[in-house]
Amino acid sequence: MACAASRPFPEPLVETREQHVENWIGVVVWAVLGMLIGMAMRLLVKLPEETSGHAIILAVIGGFGAVVGGMLGVGIFHLQDPAALSLGGMGGAIALAVLMAWVYRWGTKGLI
């Protein structure tokens, strides 16, 4: 029976420069994708009397939702090998951007 002190420590996760740049590119892709989802939600959920400024708010909410959702997706599905441009990251980004933009759009529709 080996004691705990004789076992080697696991290798620390060291990110290379290429992985670092790729992850930042992935975060930008999430944000842009979220902004596009916000604009698509503007077209899908029509408001009878829309004031100016909703497009900017929807873009910001969609981008924010996509970045948070992408981080959650990577954390849940790819914890051992975190990469922003992964299936879990993109799925999480799309899901939370759609949800947040739809909730905002639906909420403003109910207020008018």
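The values are calculated or read from the model by the stated rules, or taken from the named source; none is laboratory data. The structure displayed is predicted, hence computed values, not measured ones. We place every Cβ from the backbone using ideal geometry, glycine too, and count neighbours over all the protein chains shown.
Things to note:
- Beta carbons closer than 6 Å, at least 6 apart along the sequence or on distinct chains, never pair a first residue in region 46-66 that is over 14 Å from Trp106 (Cα atoms) and modelled with pLDDT of 90 or more with a second that is of a type in the set (S, T, N, Q) and not in a helix (DSSP H, G or I).
- No other residue among Leu96, Leu87, Leu72 is buried (at least 18 other Cβ atoms within 10 Å of the Cβ) and modelled with pLDDT of 85 or more apart from Leu96.
- Residue check, Gly70 under 9 Å from the mean Cα position of the chain (by Cα) and within 29 Å of Thr16 (Cβ to Cβ): yes
- Unique residue being in a helix (DSSP H, G or I) and farther than 18 Å from Leu36 by Cβ when the list is Leu72, Leu99, Leu58, Leu79: Leu72
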